[in-house]
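Contents: one structure, followed by commentary.
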Amino acid sequence: MIRKTVNNVQEALKGVEDGMTFMLGGFGLCGIPENAIAELVRLGVSGISCISNNAGVDDFGLGLLLQKRQIKKMISSYVGENDEFERQMLSGELEVELTPQGTLAEKCRAAQAGFPAFYTPAGFGTEVAEGKETRDFNGKMHVLEKAYEADFSFVKAWKGDEAGNLIFKGTARNFNPCMCGAAKITVAEVEELLPAGSLDPNEIHIPGIFVQRIFQGKEYEKRIEQRTVRPRK
Amino acid sequence: MLDKNGIAKRIAKEVKDGYYVNLGIGIPTLVANFVRNDINVEFQSENGVLGMGPFPYEGEEDADVINAGKQTITTLPGASFFDSATSFGMIRGKHVDLTILGAMEVSEDGDIANWKIPGKMVKGMGGAMDLVASAENIIVAMMHTNRAGASKLLKKCSLPLTGVGCVKKIVTNLAVLEVTEHGFKLLERAPGVSVDEIKMATEGTLITDNEVPEMQG
């Protein structure tokens, strides 16, 4: 067994520097690496580029890094729900690269799986395809999209073991598995870190080979963005 | 004329037994409320769930189980969770049978614009570009005109496009229309709406060669 455990978030983020590109899992505030984000805020690294489907809300998730003006560039598919983001984007302080959601996921997965690029029909004929190679396959036009290159991936899982194997819960899975092994170093934080052998190998979502560092996360807030309920009959 | 629920109710009739369906935000979300109980349908949300159920009872919300609108949801027996690449694999690979989404504009060529208004805050396309580029069966749910009263069914879209030549069917508060080679073919009128009223509200070419029936409730 190859051990991937580190003692804490400080150890997990060793080597993080100004100007780096990070992938961060999560959809809205669901399944975001809360501990890694808090540590990035504490470290104060600046000029960073973030690949993440969304940009958090004003006072949580990636919004915390935006507040401190640590982010130079955001690569996302949807960035609503964040006033500070809007202000920085309109003032030109923040560079934004909007990418179709499925393309964003696949650009991560391509990096994980060793594909330099791939063709997708998404965005053909729109401004997303401007300046990109296009090609006809079976009578349908496609756009060439390149795999991302990132320094660190920060992902959040439900359970993990010492070998770095991960299991996700519900829709908190989202982009997290696609980002594992898609950057030079993948850092996984988990709600429950278990000894090797505790997880059934049949039920592993992401094998530990895609993870370099794993640590027991703390104090998850798991904020709900849109609490919707129905009345009891 | 139909209200939003009326549009959703009409679209629900297009949902067939055995369909996997992706519903967009807004009017499309309402479609789930009107699908017949005697057919089996699974709703997909692109953030990674198939087999979505109703909203949870108060106190049973789970922060780890949401839909693409970031609302808390429940799952039904037979549901599954998956990652975002797999989710869009389902969409791109045409495993999802029907996609229902909103639009700001649709052109008579089937182009759709629904993600960006120049000069206003751009929030992003989310999964819309992937959905419209891949799905073969797309129904647009929208009001026939915008708040200023201008037609949303145009010869050419004026807003930045989400996808080209992809819309096949449109259900509005006034009509059901099909996108054909020669323009928007009027299939049904909303209750109490005349063909002339629909013509007035449609900037693109409107084809009305046969008698146009009124929508059945």
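The values are calculated or read from the model by the stated rules, or taken from the named source; none is laboratory data. As the structure is a computational prediction, the values presented were derived from the model and not from experiment. With ideal geometry, Cβ positions are generated from the backbone for all residues, glycine too; neighbour counts draw on all protein chains shown.
The residue of the stretch A:157-189 that is surrounded by the fewest Cβ atoms within 10 Å (Cβ to Cβ), among those that are among the small types (G, A, S) and in a loop (DSSP other than H, G, I, E, B), is A:A163. Of the helices (runs of 4 or more DSSP H) lying entirely inside the stretch B:1-100, those carrying at least 2 residues that are within 14 Å of another protein chain (Cβ to nearest Cβ) and out of contact with any Lys or Arg (no Cβ under 8 Å at 6 or more places or on another chain) are B:84-92. Taking the conditions (1) in contact with a Gly (Cβ under 8 Å, 6 or more places away or on another chain); (2) away from chain B (no Cβ under 14 Å) in turn, A:R173 satisfies each one other than (2). Scanning the stretch A:23-64 for residues being more than 11 Å from chain B (Cβ to nearest Cβ), closer than 19 Å to A:D83 by Cβ and buried (at least 23 other Cβ atoms within 10 Å of the Cβ) gives a total of 6.
Is it true that some residue in the stretch B:180-201 is of a type in the set (S, T, Y) and assigned to a loop (DSSP other than H, G, I, E, B)?
Initially, the stretch B:180-201 is screened for residues of a type in the set (S, T, Y), giving B:180, B:194.
When the remaining residues are screened for being assigned to a loop (DSSP other than H, G, I, E, B), the result is B:194.
Scanning the stretch B:180-201 turns up at least one residue that is of a type in the set (S, T, Y) and assigned to a loop (DSSP other than H, G, I, E, B).
In the set A:A110, A:A122, A:A196, A:A105, only one residue is in a loop (DSSP other than H, G, I, E, B) and either touching a residue at least 24 places away in the same chain (Cβ under 8 Å) or polar (S, T, N, Q) (or both); that residue is A:A196.
Look through the stretch A:42-89, keep the residues that are part of a helix (DSSP H, G or I) and charged (D, E, K, R), and return whichever of them is modelled with the highest pLDDT.
A:R42
What are the residues in the stretch A:125-145 that are out of contact with any helix residue (DSSP H, G or I) (no Cβ under 6 Å at 6 or more places or on another chain), more than 18 Å from A:N53 (Cβ to Cβ) and in contact (Cβ under 8 Å) with a residue 12 or more places away in the chain, if any?
Initial filter on the stretch A:125-145 (out of contact with any helix residue (DSSP H, G or I) (no Cβ under 6 Å at 6 or more places or on another chain)): A:125-142, A:144.
Checking the rest, the ones that are also more than 18 Å from A:N53 (Cβ to Cβ) come to A:125-127, A:129-142, A:144.
Those that are out of contact with any helix residue (DSSP H, G or I) (no Cβ under 6 Å at 6 or more places or on another chain), more than 18 Å from A:N53 (Cβ to Cβ) and in contact (Cβ under 8 Å) with a residue 12 or more places away in the chain: A:G125, A:A129, A:K132, A:R135, A:F137, A:K140, A:M141, A:H142, A:L144.
Every residue, every condition in (1) over 18 Å from the mean Cα position of the chain (by Cα); (2) under 19 Å from A:A110 (Cβ atoms), yes or no:
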residue	(1), (2)
A:T171	no, no
A:I185	no, yes
A:E189	no, no
A:E203	yes, no
A:R213	no, no
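The residue of the stretch A:203-233 that is nearest to A:R3 (Cα to Cα), among those that are more than 9 Å from chain B (Cβ to nearest Cβ) and of a type in the set (S, T, N, Q), is A:Q212.
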